[in-house]
1. Return the sequence-ordered ³J(HN,Hα) values of the stretch 199-204 in whole Hz as given by the Karplus equation 6.51 cos²θ - 1.76 cosθ + 1.60 applied to θ = phi - 60°, using x for Gly and Pro.
2. What whole number of Å gives the distance from the Cα centroid of the stretch 596-616 to the Cα centroid of the stretch 504-564?
3. Give the calculated FRET efficiency between Asp309 and Glu19 to the nearest 0.05, with a Förster radius of 22 Å applied to their Cβ-Cβ distance.
4. The stretch 70-152: which GluC sites (Glu not before Pro) are DSSP loop and have at most 14 other beta-carbon atoms within 10 angstrom?
5. Which shape class applies to the stretch 414-606: rounded if a/c is under 1.5, otherwise prolate when a/b exceeds b/c and oblate if not, where a ≥ b ≥ c are the square roots of the Cα gyration tensor eigenvalues?
6. Relative contact order for the stretch 205-326 using alpha-carbon pairs under 8 Å, separation at least 6, rounded to a whole percent?
7. Once amide H atoms are placed 1.01 Å from N in the peptide plane, what residues at a sequence separation of 5 or more from Asn42, or on another chain, have their amide H within under 5 Å of its amide H?
8. Distance between Cα centroids, the stretch 43-69 to the stretch 128-197: provide it in whole Å.
Amino acid sequence: MAMIKILPEFLANQIAAGEVVQKPESVIKELVENAIDAEADNIFITIHNSGKDLIHIQDNGLGMSREDLELSIRRHATSKLVTQEDLEAILTFGFRGEALASISAVAKLEIRTKRRQDKLGYCMISEPNSIPAIEECDTEVGTQIFVRNLFYNVPARRKFLKSNLSEYKAILDTLTKFALSHTNVQLIFNNENNLVLNLRSDNLEDRINELLGHRIVESMIKVDFDDGIMKVKGYVAKPSIIKLSRSHQFLFLNNRNIQNKSINHAIISAFGPLIDKNQYPPYVLFLEIDPHKIDINIHPQKHEVKFDDDRYVYMTVKSAVQNALRANDLTAPVKFNFENEMNLESYKNPFDIERQQDKNDDIFVNRNTGEIVDYKESFKSNKSNQKFEKNNDFNSRFEEKRENSFKPNDDLSAFDLIFNNDVDDFKKIDKNFIQIHNKYIVCQNSKGFLIIDQHNAHERINYEKAIKMFERELSSQQKLLFEESFTLTQSEILTLNEIEEEIKLLGFDFEINDSEITLNAKPIDVKNGAEEQDFREMLELFSEYQEKGKMSKRENLAASYSCRSSIKTGKILSQKEMEMLHNDLFNCDTPYVCPHGRPVILEMTITDLDKKFGRSPDYSYERK
Ligand code: ADP
Ligand code: MG
């Protein structure tokens, strides 16, 4: 007797569903694709419980006959491919005939459909592993599909679904992609009973503005390239609206959203020195290429594609974007105009500080600026070494993060990374600070010298401040002279709702009205005029870290906030500023790592220096 059996269709479908249908978002993706393949130009979507309980989608497309309806949920049943030639040049979204079969194996499905030429439509109700029932029914031209209780019969998969919020975000992201690539389709999306998207206009610029941010197109550059083989069209951001995450990068190939590292790299590299390593320019780019020259059948959800000639595609995309930037005069070599920003007077000689004898104290005056530099000891007397060693949650988590994210390389070997040190070493310090390359602060301590990364240091200080604000030990709020209003995207609003209370504890005060937010107070540390940008970027970083999922909500928000409100690399600091930074840093609980686990301080001892210069150590330099 043969041991090998052909799998029953129902089981085969359930197995296929593992690939095609992973979460509510993938159901929606497949169903919207079907509606577009059926030439619908009006799609209406409603979800309940982030699509876990109900996904309802209605289109005004071609509809199905009774026979087609019956076949539609059978495996490998498709109206879109007939010959092998079709497979070699795919023009529709679907072609595998797997989506409806897979969905029907893991949910209760109801399809109502009617063709224009038919008087009556049909309704089919199906449940996993049973024979579907079909009846005549009165319904509108087009197709409506109800997907109820996704994965109810596969509890392991249902349990595996993420929180409502992240499933919802995934859905919103997918709909955003369709809305950008199918501007001819009116798209309406309801979450529970709330109207989330109502996209009617059919021009790309309006869609981009509606989906990615009010008037964002004004800060983007049009790309329009065609060499007869490939077209590259759409918009890329000017460097002025660079983001800190990839959330605003959209790439389409023949109107299908794709993920492709190499093309993404081509786009980024076209920007060259205009952007930094961790900066992400928003873009919405459409590539068009002869479908014979690509293969989209390499991924069950068709997110990835293969090109016949990767190199050509890379070079073409890169030069298309480069040309657009060049036409806008944006590829000129970056000028670092620190000369304008910095106070040349005080920079002439950072050591030019005069000591003047006061009654009780020495005071120090910067000869160039006349500024009195406050050198008073500002360490809290109760700060003990113990505090640094106590193995609280933060410390241990940062240690862990540091190990993951930062590996000291050989270049650093001469330097000790300081993580757990005797804080007294830092107190006994000669109070001159030198700033090098506008990013590091160098100062002497009793054993040698320290190099402090100004941005990482400030981040650490602001991070600890934020944590204190959450614990209501500290507050810092400044009313704005003029209220400031701006619109946020749906997904930003979602993030904001989630952390509204915490953001208010930081010192922001605001009201939300639909997608508009009105700021009326800000934390003192946020610079005047930077409120909107800092606020947006804080939300953006928060969602970025949230996806990585390593930090608690508060830690994440504190890290996002501190990153935005901290002084940047490249900023010239006065002696006084460096002094304050140094003092604040050593008042922190964990001064040695920034909230992202990067080191803040390096130390080189005089003994090391002596060795390097071939001297025998001169102990008189050490502790006086
Ligand atoms: P595929 O899209 O790969 O063909 P699906 O399982 O998604 O496979 O759909 C099976 C078939 O059902 C499609 O080929 C199409 O003929 C029909 N169909 C599905 N959804 C719709 C719709 N919204 N309108 C009209 N026909 C549809
Ligand atoms: Mg399909």
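Where a number appears in this text, it was derived from the coordinates with a stated rule and is not lab data. Computed from a prediction, not measured in an experiment: that's the story for all the values here. Every residue, glycine among them, receives a Cβ derived from its backbone with ideal geometry; neighbour counts consider all protein chains shown.
1. 9, 10, 4, 10, 10, 4
2. That distance is 38 Å.
3. Working: r = 28 Å, r/R0 = 1.29.
Efficiency, rounded to the nearest 0.05: 0.20.
4. Here the sparse-neighbourhood loop sites are Glu140.
5. Prolate, because a/c is 1.5 or more and a/b exceeds b/c.
6. Details: 196 pairs, mean separation 36.3, N = 122.
Dividing the mean separation by the residue count of the stretch 205-326 yields 30 percent.
7. Asn60, Gln186
8. Value for the Cα centre distance between the two parts: 7 Å.
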